[in-house]
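The values are calculated or read from the model by the stated rules, or taken from the named source; none is laboratory data. For clarity, every value in this text was computed on a predicted model and none was experimentally measured. Reconstructed Cβ throughout: ideal geometry from the backbone, glycine too, with neighbour counts over all protein chains shown.
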Amino acid sequence: MSSLGELRTLARAARTSGPRVTQKYPDNRSGFLFLAPWLIGVAVFTIGPMLASLYLAFTDYNLLQPPTWSGLDNFTRMLGDARLWNSFRVTLVYVFVSVPLQLALALAVAMLLDRGMRGLSFYRSIFYLPSLMGGSVAIAILWRQVFGKEGLVNGVLAWFGIDGPGWIAHPDFALGTIIVLHVWTFGSPMVIFLAGLRQIPEMFYEAAEVDGAGRFRRFFSITLPLLTPIIFFNLVLQIIFAFQSFTQAYIVSGGTGGPSDSTMFFTLYLYKEAFTELNMGYASAMAWFLLLVIGGLTAVNFWFSKFWVFYDD
C-alpha cells in the first residue's frame, strides 16, 4: 500500500501533466448591445432632465431668458408660500384617504373573485378596465358630467326628492369626487391581490377549519398575515402614484384647482407655476421637494414594514 506521501506526489503529477485549461468568461458585449437602447433612453429622458431640473431649482428661469443663479431663493420662497402648503395639504388628504380605501376595495373584490366563480377571466378584465382608463382625459371629463349639477348622481338623488349640490363646484365635496375616482381605479392592485391569494396553500385553511376556526378567524389569522408582502407592495406603489396624480384634478376642476383651491393638488400647482406663471426655476424646486417627500415616505414605509410584514422565513 502506498504511503500518504506517495499519494500526494501522484495527485500533484496528475494535476500538472494534464492539458492546461484556460477559464473563459462570457462575452458581455452582446448584452450591453441589447441594453443600449434602454440605457440611452434612461440617460437622455430620465437622468438628463433630472440633472437639468436640479440645476434650474437654484436659478431664476422664466423660459424666455437664460437662467440666472439665485442660490436657495426658490426654497426659501417655498417656506412662505401659503398656496403651496395648501396644495400640499390637499394632496396629503387625497393620498391618505384614497389609497387605503382603494386597497380595501381591491382586496375585497379579489377575495370575491378568488372563490372560483364562472367567467373569472371576464370579471377580472371588467374590474381591471377602470385602472387602464382612470388617468385618461376622457374619464375625467365623464366624471365632471357624473358629478355636475345636472349629472347622473343628482339625477338619482332627484328620484328620492333630494336636490343635490353641484358636487364639483362645492368646496366641501369637490375633493371627495376625485377621491371616489381614484378608489374606482382599483383594478391594478386587485389583480396583484388575486395573484397573492392564489399562492396561499389550501392546507392552511383546511387545518384551521378542522380546528374550528370561522371565516373571520381564518381571514385575520391566515389570509391577512400571508398577504402582508403583497399589501406592502401595493401600498408603496399606490402612494407614489397618488402623489403624482394630475390629470384628474386638472380636468375635473377645469385647470383652476377647484373652488377655494379645494382640489389644487401639488402637481397642479407645480404645473401652473411652471407653464402659466413661467416660474420654471421655482417649479423645479417644487418638483425636487415632492421627490424628497415621496422618497421619505417610501423609506418610512420600508422601516415600518419590519413590524407588520411577514415572510415565509
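Looking at the stretch 294-313, which of its residues are closer than 21 Å to T91 by Cα and free of Cβ contacts under 8 Å to residues at least 60 places away in the same chain?
I294, G295, G296, L297, A299, V300
Between residues in the stretch 256-269 that are within 11 Å of R89 (Cβ to Cβ) and in contact (Cβ under 8 Å) with a residue 12 or more places away in the chain and residues that are surrounded by fewer than 24 Cβ atoms within 10 Å (Cβ to Cβ) and acidic (D, E), which pairs lie under 9 Å by C-beta distance while being six or more apart or on different chains?
Pairs that qualify, where the first residue is within 11 Å of R89 (Cβ to Cβ) and in contact (Cβ under 8 Å) with a residue 12 or more places away in the chain and the partner is surrounded by fewer than 24 Cβ atoms within 10 Å (Cβ to Cβ) and acidic (D, E), are S262/D172.
Identify, from the list N62, N86, the residue that is within 12 Å of N279 (Cβ to Cβ), in contact (Cβ under 8 Å) with a residue 12 or more places away in the chain and not hydrophobic (A, V, I, L, M, F, W, C).
N62
From the list L33, L112, L54, L10, which one is at pLDDT 90 or above, part of a helix (DSSP H, G or I) and not β-branched (V, I, T)?
L54
So which of S70, S131 ends up being under 19 Å from A285 (Cβ atoms) and either crowded, with 16+ Cβ neighbours inside 10 Å or in contact with a Gly (Cβ under 9 Å, 6 or more places away or on another chain) (or both)?
S70
Residues of the stretch 172-186 being among the β-branched types (V, I, T) and farther than 12 Å from A140 by Cβ, which ones?
Scanning the stretch 172-186 gives I179, V180, V183.
This table checks each residue for (1) within 20 Å of P130 (Cα to Cα); (2) surrounded by fewer than 14 Cβ atoms within 10 Å (Cβ to Cβ); (3) more than 25 Å from the chain's Cα centre (by Cα).
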{"residue": "V210", "(1), (2), (3)": "no, yes, yes"}
{"residue": "T223", "(1), (2), (3)": "no, no, no"}
{"residue": "L226", "(1), (2), (3)": "no, no, no"}
{"residue": "I230", "(1), (2), (3)": "no, no, no"}
{"residue": "Q238", "(1), (2), (3)": "yes, no, no"}
{"residue": "F243", "(1), (2), (3)": "yes, no, no"}
{"residue": "T247", "(1), (2), (3)": "yes, no, no"}
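Among the helices (runs of 4 or more DSSP H) lying completely within the stretch 195-313, list those that include at least 3 residues that are farther than 20 Å from S53 by Cα and of a type in the set (D, E).
Hits in the stretch 195-313: 202-210.
Six or more apart or on different chains, Cβ atoms under 9 Å: show the pairs whose first residue is in the stretch 147-176 and closer than 16 Å to S260 by Cα and in contact (Cβ under 8 Å) with a residue 40 or more places away in the chain and whose second is of a type in the set (D, E) and surrounded by 13 or more Cβ atoms within 10 Å (Cβ to Cβ).
Every condition considered, the pairs that remain are P171/D261.
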